[in-house]
């Protein structure tokens, strides 16, 4: 393993250990997904077998949209705290005195958020699909199982998580307060979700091509974002409150 | 001895406010160098610049032989360590986990052995498994000091390491810094506690935005204050001028307390004699006083502390005087 990967791994390991021991993060990352599981599950199980095709489609579309909120909301909570939190507890300065580069630091932080956020999102999505498949009426189960959103969600969960993480990290690197960072991050995470909502609810006519283009754009943004956010990360400003003039990260 | 730090005309401005102005100095390898100044004097800013955390507005520096540039910042970070004023430990991680994280960031081989050595050096080996959040402030400072030892740095920057500590904890931390000198580490110590600077530092620089003076503590004292003898007599001298004026080596004299100014007064009288060489002049003064039938209580060289030097320099600066 080269030095860079080793440093990224060190950041990931440290972040995951901190998450595990932070009750606020544990509770938040547990409750938010449960809410997004219970609500659509209850809605879809309540559909009667006699429901019309239009009602069935609308409620299945709505229910399948909820699991996509998990990879948006959970990373937002974690990433918004990520940089500003270090600054507030005074740990950023010692870290920046080590040879770790800004890209390594941010990549480690992003990976540490991505892993639990996407795991939880897939887990909740899997539970939801299993309940619908085996717990709902046959018509509802079939409609949900055959919905085009199902494979799309498998692809969009990590892509949306990536977007939310990088938006959160960018805002966290620029904000002066954790709460402000979380609120702004949530707002910043909404644009791709809004587009998916428009597709899910047929406001924009969905097609395989459109979804593929959208997914590709998100993938490119997620991959390039590390370097963009690294440019926004101004160590001198984070430490002193004043903008850097040259040497510092 | 080669220089571990060379600073030339370093200046830092924040939004039009000058925090550090045209500062130049050098620190030899293995030296414990004290950087003194009041709050807001630019001490921490200087440490942050030399530690590659912030960029200078002007000037240049060599750290551990490496020029301070954006391109070499990573190299410099491998060779130095910084202990900021706040320990900056992850409260939810144990002491050992904190050190392990930093050891990985430095890419150190044989991490566990290095961590064990660092903890042993600061006497924290038995607290390795304790969460940092559960440690007292003094123990956190020690853990932070252990972190700075991990990469075996050529230059160590310690920014107010005893700030906020009680006297016992501060004493312990100072003892650890003293041990660093024995290991040959170059220590750049910022502080406004003059007693610890006097005790630990080979040389000190006193600054207040710009550099006011630099040298060994005794050199600064001699440069700033004329040498003098403090003379105490059991009763005031009737004609002190007849005794002190014209004595070889005595440049001037003054009565210090009211009793000394009044020949008819009662109680011990104190006189201060400005002299060229206290060791040579003291016997001359003693003989003259004995010859005049004076009851000599004491004759001692008047000592100035580093605190006197510091206060004098800061006072000069505040009055708009030139650096010495």
task = Counting helices only, and only those DSSP H runs with n ≥ 4, report the 222 nm mean residue ellipticity of chain A as the sum of -39,500 (n - 2.57) divided by its residues, in deg cm²/dmol to the nearest 500.
result = -27000 deg cm²/dmol
request  = Taking 7 Å along the Cα-to-C-beta vector as the label spot, tell me the residue B:300-residue A:4 distance in nanometres, rounded to one decimal.
outcome  = 6.5 nm
message = I want to verify the translational diffusion coefficient of the range A:141-240 in µm²/s; compute it with Stokes-Einstein, Rh as the Kirkwood radius over Cα pairs, at 4 °C and 1.567 mPa s.
response = 86 µm²/s
ask   = Taking square-rooted eigenvalues a ≥ b ≥ c of the alpha carbon gyration tensor, is the range B:226-301 rounded, prolate or oblate, where a/c under 1.5 means rounded and, failing that, a/b exceeding b/c means prolate?
value = prolate
query = Taking every eigenvalue of the Cα gyration tensor of chain B, multiplying by 5 and rooting it, what semi-axes result, largest first, whole Å?
reply = 48, 23, 16
key: Candidates B:257, B:151, B:208, ranked by Gaussian network fluctuation over chain B, Cα under 10 Å, top entry   = B:257
message = Can I get the semi-axes of the protein assembly as shown's equivalent ellipsoid? Compute them from the C-alpha gyration tensor as square roots of 5 times the eigenvalues, in angstrom, largest first.
response = 70, 22, 20
remark   = With -39,500 (n - 2.57) per DSSP H segment of 4 or more residues and division by the full residue count of chain B, the 222 nm estimate, nearest 500 deg cm²/dmol, is -10500 deg cm²/dmol
ask   = Between B:94, B:148, B:232, which gets the highest mean-square fluctuation from a Gaussian network model of chain B, Cα cutoff 10 Å?
value = B:232
request  = Give me the distance in nm between label points sitting 7 Å out from Cα along the Cα-to-Cβ direction at residue B:242 and residue A:202, one decimal.
outcome  = 12.4 nm
Kirkwood Rh and Cα Rg combined as Rg/Rh, chain A = 1.04
0 to 90° range, to nearest 10: angle between helix B:95-105 axis and chain B longest Cα axis = 70 degrees
request  = Compare A:71, A:206, A:40 in a GNM of chain A, Cα atoms joined below 10 Å, and give the one with the largest fluctuation.
outcome  = A:206
inquiry  = Can you sort B:129, B:163 from fewest to most other Cβ atoms within 10 Å of each residue's own Cβ?
reply    = B:129, B:163
query = Roughly how many nanometres apart are two label points built 7 Å out from the Cα toward the Cβ at residue B:261 and residue A:115?
reply = 7.8 nm
message = For chain B, take the longest principal axis of its alpha carbons; what is the angle in degrees between that and the long axis of helix B:111-121, to the nearest 10 within 0 to 90?
response = 20 degrees
key: Tilt relative to chain A, helix A:102-135 - C-alpha long axis, 0 to 90 degrees, to 10   = 10 degrees
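Computed from the coordinates by the stated procedures, all read-outs in this text should not be read as laboratory data. On a predicted model such as this, the values are computed, not experimentally measured, just so you know. As a convention, Cβ positions derive from the backbone with ideal geometry for all residues, glycine included, and neighbour counts pool all protein chains shown.
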